[in-house]
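See below for the structure under consideration.
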Amino acid sequence: MEVFSLTAVWLTLILLLMAGLLMSGALRPDLAALILALGLSFSGLLSPQEAFSGFSRSAVIALIALFILTAGLNRTGVSRALGERLSRWAGDSPMRLVAGMTLLSASLSVTMNSVTAAAVVMPMAVQAARRIGLAPSRILIPIAYGALLGGMPTLFTTANLLLSGLMRDHYGRSLTMLDFIRAGLLPAALGLLWVIGVTWRTLPERSPAGQLMHLHRLNRELAELYGLKDGLVELLVEPDSPLCGVSLVESQLASRHGITVIGIRRRGQLLLSPPSSEGLQAGDVLLVAAGPEGTAPFEQALRDLGLRPLPRPVSPEVLEEGEAGLMEVLLSPHTTLIGRTLRDLRFRERYGLQVLAIWREGRPIRARLADERLRFGDALLVYGPWERIRLLQGDPEFIVLQSNGEPLRTSRRIPAIAIMAGVILASALTSRSVAEVTMAGAVLMILAGCLTMEEAYRAIEWPTVFMVAGLLPLSIAMTRTGAAEGLGTVLLHGLAGAPPWVSVLVFTGIAAALTQVLSASVTAVVWGPIALRAAATLGVPPAEMGLAVALATSAAFLTPMAHPANALVMGAGGYRPRDFLRAGWPLWLLSVGAITASTVRWELGLPR
């Protein structure tokens with residue numbers, strides 16, 4: 001019997017190629033999804049209308065609306081108020097702080113995108129952890145895991161929305177909010193108990209971005225962490241230097257030579273964070289952050305530029321002078337800067353700040369920063385005037401780990417809470433589609449003054465929207481070509497005669513494993529049709545199989561690339577990839593077992 005048609009084989013190969021490109025980082029996920037949609041259209045597997053039908057699907061409309069609803073809650077200070085109350089409740093107890101922040105992240109994830117929930121809680125958690133002397137590495141992975149677990153018992157997670165849409169396409173019945181609450185509460189509750197009781201105690205104590213710096217005061221330990229203790233140098237501008245009479249921006253010290261000028265000492269006065277238009281003069285002493293000294297390129301650059309290193313040691317405490325200081329910021333989930341260099345961005349001219357180092361995958365990068373392409377999860381150590389640093393708090397590109405907060409519309413807090421509560425209740429209790437309900441809530445958020453239309457547009461994570469819209473037609477192609485049925489048939493032979501709960505366990509485990517290397521959205525779209533096609537033959541109600549696969553995509557605990565929430569906390573927590581594997585594997589096993597039990601027990605009588 002022929003299991004795969006030729007077109008199904010080609011589609012499978014295309015999927016494997018796309019998965020490889022995504023895992024290698026060679027393509028952005030949103031670009032890969034659009035290329036896939038175009039390939040399905042040009043190959044004739046789908047009509048142009050079908051290939052781009054994802055942009056009109058209810059899951060995409062609901063996703064856009066949820067970004068706006070989330071922004072309304074944040075702009076009115078609902079999330080921050082909850083965080084402040086939890087911080088006061090925790091007092092000086094690390095256990096209570098971890099429990100409070102993990103539960104807050106999980107609670108917010110019920111109503112918003114998981115990575116957004118983690119991004120909202122993270123700055124509050126870092127500040128509270130610093131106050132009681134707790135390393136952020138002990139609390140940030142729990143926050144990421146809390147956001148993932150909180151997304152299980154809700155319809156508002158991207159993968160859950162996708163599986164609900166696939167169920168409607170295949171069987172004419174969407175998965176509802178009540179379905180996810182019923183199936184997701186057990187694994188979410190057990191997972192949260194494990195994270196709060198066990199996971200945070202097993203995490204390493206590290207002191208990376210956000211933990212060691214106090215406002216207007218640089219801690220020596222932070223300087224050592226980022227390598228600034230050995231990276232600050234004073235350079236004398238010789239009389240014959242070609243830099244005399246040249247401005248900082250014209251000198252290209254940072255962009256061409258990797259030498260960042262932090263201050264200029266002239267006639268006994270130190271000008272910290274000088275503007276890029278500041279001209280250089282003979283006799284100036286430049287306080288610079290440079291790459292490792294003693295290297296041939298560095299020494300050659302000094303000779304060519306007429307700069308002589310001064311032998312006296314430079315203490316990082318010099319940076320405490322004046323109205324300038326250090327701050328650590330992360331790239332936000334909404335950032336458009338991924339893949340761009342500081343040179344491309346003209347960062348200093350654009351923001352009036354200097355990037356002294358980038359914290360990535362557990363280590364600082366100081367050399368050749370201008371040419372370093374930014375990655376999601378990077379922590380930037382920036383230096384400059386405090387008023388310029390405070391402006392970053394309102395910039396959607398960044399998350400400032402320690403901030404006094406931007407002005408909030410607290411007077412609209414009650415309407416925001418009421419609108420969100422109404423959306424949840426309407427999704428659970430009415431027959432209206434989730435797209436209708438969430439978009440109505442988003443419009444009400446704007447009409448109620450919780451946020452402006454401009455803020456609503458900025459809140460939408462367009463890369464996520466385009467990725468999901470580009471992936472959705474894949475399910476049509478997999479069904480039409482027989483790829484879903486063929487792959488399901490291969491598994492059916494292995495599961496022949498097995499009890500239904502074993503089949504659910506296998507499909508759940510495969511979905512949870514795929515999520516570690518692909519995104520939850522890709523796993524839902526690729527594995528969802530296969531699982532749904534195989535469900536009836538295996539004696540499993542399709543709704544239960546769909547729920548199991550959807551919940552399994554939230555078990556993204558083992559790798560930093562498994563979910564953006566993991567990548568988000570990696571830089572701020574100073575984590576290495578093995579930290580996620582060590583902390584996540586017991587939780588992964590617990591989740592797979594609990595998901596199987598919660599979805600099977602209701603319909604198939606899992607042995608008690």
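The values are calculated or read from the model by the stated rules, or taken from the named source; none is laboratory data. Being a predicted model, the structure only gives us computed values, none of them experimental. Don't worry about glycine lacking a Cβ; one is built from the backbone with ideal geometry, like all the others, and counts go over all protein chains shown. Areas reflect the complete protein model, heavy atoms only, side chains present, ligands, DNA and RNA absent. Shrake-Rupley method; radii C 1.70, N 1.55, O 1.52, S 1.80 Å.
Can you name the condition, by its number, that SER47 falls short on among (1) buried (at least 17 other Cβ atoms within 10 Å of the Cβ); (2) hydroxyl-bearing (Ser, Thr, Tyr); (3) over 22 Å from the mean Cα position of the chain (by Cα)?
Among (1) buried (at least 17 other Cβ atoms within 10 Å of the Cβ); (2) hydroxyl-bearing (Ser, Thr, Tyr); (3) over 22 Å from the mean Cα position of the chain (by Cα), the lone unmet condition for SER47 is (1).
Only residues that are in a loop (DSSP other than H, G, I, E, B) and modelled with pLDDT under 65: list them for the stretch 277-313, please.
ALA290, GLY291, PRO292, GLU293, GLY294, THR295, PRO313
Would you check which residues across the stretch 233-272 are small (Gly, Ala, Ser), under 21 Å from GLY384 (Cα atoms) and either modelled with pLDDT of 80 or more or not in a loop (DSSP other than H, G, I, E, B) (or both) and list them?
SER247, SER251, ALA254, SER255, GLY263
Look through the stretch 545-591, keep the residues that are free of Cβ contacts under 8 Å to residues at least 60 places away in the same chain and crowded, with 24+ Cβ neighbours inside 10 Å, and return whichever of them is nearest to GLY150 (Cα to Cα).
ALA552
Just the residues that are over 23 Å from GLY574 (Cα atoms), of a type in the set (Lys, Arg) and touching a residue at least 12 places away in the same chain (Cβ under 8 Å), please, taken from the stretch 333-370.
Within the stretch 333-370, ARG343, ARG348 meet the criteria.
Looking at the structure I just gave you, is ARG85 part of a helix (DSSP H, G or I), open to solvent by 50 Å² or more (accessible area, probe 1.4 Å) and at pLDDT below 85?
Yes; evaluated as a whole, the condition is true for this residue.
Of LEU27, LEU22, LEU45, which residue is under 19 Å from VAL525 (Cα atoms), in contact with a Pro (Cβ under 7 Å, 6 or more places away or on another chain), modelled with pLDDT under 80 and not charged (D, E, K, R)?
When all the criteria are applied, what remains is LEU22.
Here is a check on your reading of the model: is LEU425 in a helix (DSSP H, G or I), without any contact (Cβ under 8 Å) to a residue 60 or more places away in the chain and under 24 Å from the mean Cα position of the chain (by Cα)?
Taking the combined requirement at face value, the residue does not satisfy it.
Of the conditions (1) surrounded by fewer than 24 Cβ atoms within 10 Å (Cβ to Cβ); (2) under 19 Å from the mean Cα position of the chain (by Cα); (3) among the aliphatic types (A, V, I, L, M), ALA536 clears all except one; give me its number.
It is condition (2) that ALA536 fails.
Inside the stretch 498-525, can you point out the residues that are surrounded by fewer than 18 Cβ atoms within 10 Å (Cβ to Cβ) and over 18 Å from THR596 (Cα atoms)?
VAL517 - this is the single residue of the stretch 498-525 that is surrounded by fewer than 18 Cβ atoms within 10 Å (Cβ to Cβ) and over 18 Å from THR596 (Cα atoms).
Go through the stretch 117-141 and give me each residue that's open to solvent by 10 Å² or more (accessible area, probe 1.4 Å), modelled with pLDDT under 85 and assigned to a helix (DSSP H, G or I).
ALA119, VAL120, PRO123, MET124, GLN127, ARG130, ARG131, ILE132
Can you name every residue in the stretch 169-210 that is open to solvent by less than 20 Å² (accessible area, probe 1.4 Å), of a type outside the set (A, V, I, L, M, F, W, C) and modelled with pLDDT under 65?
Scanning the stretch 169-210 gives PRO208, GLY210.
Go through (1) part of a helix (DSSP H, G or I); (2) open to solvent by 10 Å² or more (accessible area, probe 1.4 Å); (3) at pLDDT 80 or above one by one and return the number of the condition ARG601 breaks.
(3)
Residue by residue through the stretch 65-80, note down the ones that are among the charged types (D, E, K, R) and open to solvent by less than 10 Å² (accessible area, probe 1.4 Å).
None; the set is empty.
Could you list, ordered by first residue, the pairs with Cβ atoms under 7 Å in which the first is in the stretch 374-398 and touching a residue at least 40 places away in the same chain (Cβ under 8 Å) and within 14 Å of ILE338 (Cβ to Cβ) and the second is among the polar types (S, T, N, Q) and open to solvent by 60 Å² or more (accessible area, probe 1.4 Å), at least 6 apart or interchain?
Listed by first residue and then by second, the contacts come to GLU397/THR336.
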